[in-house]
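Worksheet for the structure shown next.
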Protein chains: 2
Amino acid sequence: MFPSSGGQVGPTLADVGEFGLIDMIIADLPDRPDVLIGPGDDGAVIAVDGPVVCSVDLLVEDVHFKTAWSPAESVGRKAVAVNVADIEAMGATATGLVIGFAAPPATQQTWVLDFARGLRAECHTTGVALLGGDITRADKIAISVTVMGSLGGHAPVTRSGARPGDVVALRGRLGWAAAGLAVLGRGFRSPRAAVQAYQVPEVPYGAGRIAASAGATSMIDISDGLLADLGHLADRSRVSIDVRRDAFDVPEPLQAVAAATGSDPLKLILTGGEDHALAATFAASDVPEDWTVVGSVTEPVDEPAVTIDGQPWDDDSGWDHYR
Amino acid sequence: MFPSSGGQVGPTLADVGEFGLIDMIIADLPDRPDVLIGPGDDGAVIAVDGPVVCSVDLLVEDVHFKTAWSPAESVGRKAVAVNVADIEAMGATATGLVIGFAAPPATQQTWVLDFARGLRAECHTTGVALLGGDITRADKIAISVTVMGSLGGHAPVTRSGARPGDVVALRGRLGWAAAGLAVLGRGFRSPRAAVQAYQVPEVPYGAGRIAASAGATSMIDISDGLLADLGHLADRSRVSIDVRRDAFDVPEPLQAVAAATGSDPLKLILTGGEDHALAATFAASDVPEDWTVVGSVTEPVDEPAVTIDGQPWDDDSGWDHYR
């Protein structure tokens, strides 16, 4: 569980070596007809149907996860989930991924085996093929996942197509990961549902393609927090967005965390990152089943802006990894 | 030049922030008709022609490069070059890449600007589109590059197709990067050609596609050293390979480095990594112009093996990043 410490028994990465580690991660991959060349060569080859959507995310130990707060299997699952969410947000279906894995030589082999099990489990859940990777040493664990996806004949759904008169709708959860992080940061392990949501986001797999088919005019993955990410969408679309406070129920675990930490549960929902819900804009008649309308798109008064019931939200509302 | 130290003047990444950094890296990208959606959305979209070849490599500060030994621009160029070499080794042409960039907040903005300039320059040289990326903080600089490529209607050339009776041919340089590393490790800066070869490998761009067209039966990128990588190829093809000592000229800079360090110049050539030459096997009549025949493929006597003039090479002959 503490891969950077050398005090535990059992083999480390220095014992199994680079090639042993590769074998551990890519063992027993399922056969897939679209994977023409899998791991083990200079490059992988995957059959695709039309344009390729691709996205990369980095997960760095002690920045994106702490080994004390997330089991290795959860880190593996999260590495896949956060990337597939980006592909979903383009209206596409993820088909294959490659992974870069860097870790200290003293990392326990069991940590890597658990990580690899989570990685492969989430690949299986999402239907994405593990195509290959690169392995190296580093002072801390760093994971890069690049996912490729297919549009299935649709046009990609970008951040720039929202139109005044559209509604803003959501699919997935908000505030749960931030609630989990808040309790872990205070040394607690419950509410367990919130902690698990921080460890592995519950990405609404398949919802991106459904939104694209329904005619979504724009879409974004909520990784930095709802207001921050709607801000990105508003900027790119040159529109303003107003969110309705009464559109949000506060689930019981979030109420509990807010009460225990003396914070506003709505702040968790509006500004909490890392849940990887999808937000999209639609003509009012096009909103798919299972999506929740939470706001509307308007002409910008001056510059694009995001408001709550017509008022600005005066709080910090997103992440900047360098600040 | 020393991004981890905070003692220099000028803005750092903490000053410009994550989004400012993204803007620096992706500024002024050329328009390309195959890039349907470029940087700035949840994912990029690129038009492709047939199956997609993909490969990922990590470059970690103080493992793959030292900022004292490689200017930032060289690190950017190398990050592209080493990945494109993998795509070449499949017989494909690189078309697009995504980058993951992690760095300490105290990193100088000038370092990142120089890095981005090198990255974009090498993308331009190779004709590959910079599609997007992810930015985060970390204790040391870590760079992940994922390249996608196209086969142009050919079958991919793998490591597993070498046949007894084929010849082994090379395109590109060997031993130069190891020579450069040897002199840098001793505190010197010359021979300059060797140092530059370590800082940015001279990948034989386009040679992979030519080899595929000529009928290469197998191919590999020489990243770990000729003997180590021919060993991988022999294992995967279930063949043995014999390399002829007299096939190699020793260029003057390698002679100079070997003399100065008291080492065997042939060892640099046979075991030095990071030059990213291509090795391929062909029917003897199929070897393309500009490729040099250096050996032959034989039936394995017992297990696949790589020999020099029929004898084993008894020295360490490759890299293992965990040993």
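The values are calculated or read from the model by the stated rules, or taken from the named source; none is laboratory data. Remember, predicted model here, so these are calculated numbers, not experimental data. No Cβ is skipped: glycine too gets one built from the backbone with ideal geometry, and neighbour counts run over all protein chains shown.
Side notes on the structure shown:
- Annotation: A:Ala142 fulfils all but one of (1) within 14 Å of another protein chain (Cβ to nearest Cβ); (2) modelled with pLDDT of 95 or more; (3) within 30 Å of A:Gly50 (Cβ to Cβ); the unmet one is (3).
- In the range B:209-255, the residue that is nearest to the other protein chains (Cβ to nearest Cβ) out of those that are under 27 Å from B:Arg192 (Cβ atoms) and among the β-branched types (Val, Ile, Thr) is B:Ile222.
- Subset of the range A:117-160 [outside any strand (DSSP E or B) and at positive phi]: A:Gly127, A:Gly152, A:Gly153
- Taken together, A:Ile87, A:Ile135 contain a single residue that is within 14 Å of chain B (Cβ to nearest Cβ), among the β-branched types (Val, Ile, Thr) and surrounded by fewer than 24 Cβ atoms within 10 Å (Cβ to Cβ), which is A:Ile135.
Residues are listed down the side, and each one gets a yes or a no for (1) more than 20 Å from B:Leu130 (Cβ to Cβ); (2) among the aliphatic types (A, V, I, L, M); (3) assigned by TED's automatic domain parsing to the domain that holds B:Ile25; (4) buried (at least 20 other Cβ atoms within 10 Å of the Cβ):
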site: B:Ile37; (1), (2), (3), (4): no, yes, yes, yes
site: B:Asp42; (1), (2), (3), (4): no, no, yes, yes
site: B:Val56; (1), (2), (3), (4): no, yes, yes, yes
site: B:Lys66; (1), (2), (3), (4): yes, no, yes, no
site: B:Lys78; (1), (2), (3), (4): no, no, yes, yes
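- When B:Ala81, B:Ala72 are screened for being farther than 22 Å from B:Ile210 by Cα and at pLDDT 95 or above, only B:Ala72 passes.
- Strands (runs of 3 or more DSSP E) contained entirely in the range A:10-63, each with at least 1 residues that are more than 7 Å from chain B (Cβ to nearest Cβ) and in contact with a strand residue (DSSP E or B) (Cβ under 6 Å, 6 or more places away or on another chain): A:35-37, A:52-60
- Here B:Ala247 meets the list (1) buried (at least 21 other Cβ atoms within 10 Å of the Cβ); (2) farther than 25 Å from B:Gly152 by Cβ almost entirely, failing just condition (1).
- Within the range B:94-112, tally of residues that are within 17 Å of B:Glu61 (Cα to Cα), more than 8 Å from chain A (Cβ to nearest Cβ) and either touching a Cys at 6+ places or on another chain (Cβ under 6 Å) or among the aliphatic types (A, V, I, L, M) (or both): 3
- Among the residues making up the range A:147-171, those that are within 14 Å of chain B (Cβ to nearest Cβ), over 19 Å from A:Pro304 (Cβ atoms) and in contact with an Asp or Glu (Cβ under 9 Å, 6 or more places away or on another chain) are A:Val147, A:Gly149, A:Ser150, A:Leu151, A:Gly152, A:Gly153, A:Pro156.
- Residue in the range B:169-192 that is crowded, with 24+ Cβ neighbours inside 10 Å, in contact (Cβ under 8 Å) with a residue 12 or more places away in the chain and of a type in the set (Val, Ile, Thr) present: no
- Pairs are defined by a Cβ separation below 6 Å, a sequence spacing of at least 6 or placement on different chains, a first member in the range B:119-137 that is more than 16 Å from B:Ala92 (Cβ to Cβ), and a second member that is outside any strand (DSSP E or B) and small (Gly, Ala, Ser); the pairs so defined are B:Leu119/B:Gly76; B:Glu122/B:Ala81.
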